[in-house]
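Working notes for the structure below.
The values are calculated or read from the model by the stated rules, or taken from the named source; none is laboratory data. The structure presented is a predicted model; accordingly, all values stated were derived computationally and were not measured. Cβ atoms come from the backbone with ideal geometry, glycine included; neighbour counts cover every protein chain shown.
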Amino acid sequence: MLQDIRDKSQGIVVKIIVGFIVVTFALFGVDALVQSFGSSDKVAEVDGVDISRTQMLQGAETQRRQLISMMGGQINPALLEDNLLQRRALDELIQRAVLSNQAKELGLGVSDAQVNAYLLQAEQFQTNGQFDENKYLNFIRSLGFTPLAFKERIKQDVLIQQPRNAIAGSEFVLPYQVEGVSKLQSQTRSYDYVSFSLADESEITSVTDEELKAYYDENKDSFKTPEQVKLNYVVISSSDFYNKVNVTDAELQDAYQASISSLPKEERSASHILIDTSERSDEEAQALIDEIQAKLKSGASFADMAAEYSDDIGSKNDAGNLGYVEQGTMGDEFDNVLFSMKKGDVEQAKTQYGYHLIKLDDITKPDVPSFASKKAELEESLRQDKARDALLTAHEDITDLAYASDKLDAISKEYGVDILQSAYFGREGGTDKITSNPAVIAAAYDVTVLEDGQNSSLIELNDDQVVVVHLNDHKPESFQTYDETKEQVASIVVQKKALESLKAKAEKVKESNSASWTSVEAAKRGQDEITSLAFALPHPEANAPVESIENLSNGDLVLIRLNEVSVGDLTLSDDQKLAYERYLNQTQASLNTQAQQNLLKNNAEIER
């Protein structure tokens with residue numbers, strides 16, 4: 001197949017197309033090319049604005065990457081099915097088009113400068129408070145965007161957010177609303193209850209074979225062996241390229257210099273005496289310097305001279321001490337002198353502040369490892385990086401080989417890897433690293449692999465591994481026999497009968513009031529599960545308790561008798577009041593924003 005493509009790629013028509021691609025790239029970039037090919041393939045129209053298939057597919061791919069990034073191995077593979085992702089992506093694109101059209105009708109706009117400012121200030125793109133271009137590019141690539149496409153997406157996001165912000169900004173909360181929330185939150189309830197154990201009742205419940213068989217016959221659809229597949233697959237790792245890459249001496253030297261560049265630099269401890277020239281001439285300052293140097297030669301201490309003569313109020317009373325400094329800290333004129341001195345020397349320098357007498361007190365040099373001691377470590381790191389890059393470069397070739405054949409042999413031979421075989425697994429996935437990967441599960445049950453018998457596309461497991469899968473065997477969904485399910489059926493029927501018996505007992509207690517009740521006074525909201533059920537009951541009327549039979553999460557039943565609902569302390573601190581106001585404001589803003597969006601969508605002319 002690939003050879004046929006190569007043979008047919010020599011014609012004049014292909015050369016014209018390639019020329020068009022080159023010109024488009026040169027003038028407008030890759031995004032313009034994508035848009036030009038996708039714009040005519042319309043899948044929906046919103047008030048005259050077209051949505052292309054390319055946009056839908058790009059949106060589906062972005063959603064797939066986001067889901068995998070957020071949920072990892074815990075994601076339900078069903079969420080990654082192409083039809084579901086494309087349907088959700090189209091719904092989102094329609095909603096965005098509706099909101100974008102509204103923003104434009106309102107005369108709103110967003111400048112490139114606003115988008116740039118937003119991106120520069122976004123915390124997820126910062127390292128140590130500064131914009132990190134690598135972090136930014138890695139993020140947008142992980143979502144499948146190019147830089148231009150991502151900026152356009154952000155521009156649209158900021159645009160359609162403006163009306164939402166206007167709605168949120170117009171919300172306000174009245175005192176009675178805060179009081180209402182406070183009453184609900186401070187409410188207490190007094191109740192009695194009787195619990196009934198499902199486990200205890202199950203122990204004394206018996207069933208007959210006829211009951212079991214009858215339940216099985218009525219519920220056959222519940223007893224099925226789920227659909228399963230077994231896969232052949234090949235895993236290509238960066239380690240497969242480890243011995244195929246070379247590391248040069250020049251690369252090692254560059255890596256060594258980079259590694260030591262981050263080490264602490266030489267530091268020098270210095271003291272100085274500053275003679276300020278802002279209020280005296282250079283000649284006067286030089287005369288003072290000469291006078292000080294003469295006294296130093298006569299045995300005067302540097303500390304005493306600093307205290308007497310120095311104009312640096314920050315150091316004069318501390319023997320002129322500047323502490324340890326690195327080169328580049330004090331300015332070129334000062335540094336050139338300080339870093340050419342020997343320990344104990346006193347030298348003169350002139351800077352924009354005046355004349356200095358500098359004394360070098362100490363020198364500390366970093367312990368820099370030798371190239372020989374770092375060579376093996378650097379070579380290992382470079383080889384790993386190069387192997388990872390080689391795997392990334394090989395993605396296209398692996399994809400071509402997977403597409404060009406209906407078997408895995410070509411990939412196995414090309415990269416010297418074994419064809420492996422998985423155990424059977426269902427749509428919920430298997431237990432090993434490969435079959436539990438959501439992208440692998442989705443590929444295994446995709447039409448291309450499951451029905452057409454083709455290889456999957458390349459699937460990235462992580463930065464160091466990719467996999468291509470092929471169907472080995474498929475077991476359709478099937479019914480389990482009665483004998484296979486008898487134990488499971490018995491468990492279900494016993495619990496079902498036990499629960500019915502418990503309900504009858506609870507009803508009897510409710511009618512006769514013949515039980516030992518447990519009383520709970522002034523319980524607070526969310527105290528425990530039974531209290532939560534009590535808070536779900538309606539208020540008692542005319543001092544008549546409200547009784548209800550409720551299910552607990554462990555299968556037990558509980559009969560609750562709600563006796564009294566009371567309002568607790570309504571005194572609010574400023575923090576509580578602010579929290580309630582924020583909650584109400586956000587809730588109202590969210591509801592009103594959604595209502596407005598629904599109205600816009602209902603009034604829009606949408607064709608799918």
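Every residue, every condition in (1) outside any helix (DSSP H, G or I); (2) buried (at least 18 other Cβ atoms within 10 Å of the Cβ), yes or no:
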site: Ala44; (1), (2): yes, yes
site: Thr62; (1), (2): no, yes
site: Ile68; (1), (2): no, yes
site: Ala78; (1), (2): no, no
site: Arg87; (1), (2): no, no
site: Arg96; (1), (2): no, yes
site: Gly107; (1), (2): yes, no
site: Val110; (1), (2): yes, yes
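Quick check, is Val235 touching a residue at least 24 places away in the same chain (Cβ under 8 Å), not polar (S, T, N, Q) and not assigned by TED's automatic domain parsing to the domain that holds Lys508? So Val235 passes the test. Does any residue of the range 304-314 turn out to be modelled with pLDDT of 90 or more and within 17 Å of Arg268 (Cβ to Cβ)? So far as the range 304-314 goes, no, none of its residues is modelled with pLDDT of 90 or more and within 17 Å of Arg268 (Cβ to Cβ). Return a yes/no flag: does the range 483-503 have any residue that is touching a strand residue (DSSP E or B) at 6+ places or on another chain (Cβ under 9 Å) and under 27 Å from Arg64 (Cβ atoms). Scanning the range 483-503 turns up no residue that is touching a strand residue (DSSP E or B) at 6+ places or on another chain (Cβ under 9 Å) and under 27 Å from Arg64 (Cβ atoms).
Contact map, the range 170-190: residues that are β-branched (Val, Ile, Thr) paired with residues that are in a loop (DSSP other than H, G, I, E, B) and modelled with pLDDT of 90 or more, Cβ distance under 6 Å, separation 6+ or inter-chain. No pairs are found.
Count of the range 414-458 residues, restricted to those that are among the hydrophobic types (A, V, I, L, M, F, W, C) and closer than 17 Å to Ala78 by Cβ, is 10. Across the range 420-458, which residue is farthest from the chain's Cα centre (by Cα) among those that are crowded, with 16+ Cβ neighbours inside 10 Å and of a type in the set (Val, Ile, Thr)? Going through the qualifying residues, I end up with Val449.
Candidates are the residues of the range 572-584 that are buried (at least 16 other Cβ atoms within 10 Å of the Cβ) and under 32 Å from the mean Cα position of the chain (by Cα); the one that is nearest to Lys183 (Cα to Cα) is Tyr580.
Taking the criterion of being assigned to a helix (DSSP H, G or I) and surrounded by fewer than 13 Cβ atoms within 10 Å (Cβ to Cβ), the residues of the range 588-608 that qualify are Leu591, Gln594, Ala595, Asn598, Leu599, Asn602, Asn603.
Scanning the range 438-463 for residues that are in contact with a helix residue (DSSP H, G or I) (Cβ under 9 Å, 6 or more places away or on another chain) and over 23 Å from Pro476 (Cβ atoms) gives Ala439, Ser457, Leu458, Ile459, Glu460, Leu461, Asp463. Each residue in the range 235-254 was checked for being in contact with a Lys or Arg (Cβ under 7 Å, 6 or more places away or on another chain) and more than 28 Å from Gly416 (Cα to Cα), and 1 pass. Across the range 126-144, the number of residues qualifying as within 12 Å of Arg65 (Cβ to Cβ) and modelled with pLDDT of 80 or more comes to 2. Only helices (runs of 4 or more DSSP H) whose full extent lies in the range 408-516 are considered here, and the ones with at least 2 residues that are among the charged types (D, E, K, R) and either assigned by TED's automatic domain parsing to the domain that holds Tyr242 or under 30 Å from Glu201 (Cα atoms) (or both) are 409-415, 482-512. Out of curiosity, is Val565 out of contact with any Phe, Trp or Tyr (no Cβ under 8 Å at 6 or more places or on another chain) and in contact (Cβ under 8 Å) with a residue 40 or more places away in the chain? Answer is yes for this residue.
Lys265 meets all of the listed conditions (1) under 30 Å from Gly328 (Cβ atoms); (2) among the basic types (Lys, Arg); (3) in a strand (DSSP E or B) but one, namely (3).
Here Pro545 clears all of (1) at pLDDT 95 or above; (2) over 30 Å from Ser69 (Cα atoms); (3) surrounded by fewer than 16 Cβ atoms within 10 Å (Cβ to Cβ) except the condition numbered (1). Filtered by the rule that a residue be assigned to a helix (DSSP H, G or I) and closer than 24 Å to Asn472 by Cα, the range 387-407 gives His395, Asp397, Ile398, Thr399, Asp400, Leu401, Ala402, Tyr403, Ala404. Under the condition of being assigned to a strand (DSSP E or B) and in contact with a helix residue (DSSP H, G or I) (Cβ under 7 Å, 6 or more places away or on another chain), the residues counted in the range 112-145 number 2. Consider Ser238 carefully, then state whether it is at pLDDT 90 or above, more than 30 Å from Gly568 (Cα to Cα), among the small types (Gly, Ala, Ser) and touching a strand residue (DSSP E or B) at 6+ places or on another chain (Cβ under 8 Å). Judged against the criteria, Ser238 is a match. Within the range 318-339, one or more residues are among the hydrophobic types (A, V, I, L, M, F, W, C), at positive phi and assigned by TED's automatic domain parsing to the domain that holds Ile289.
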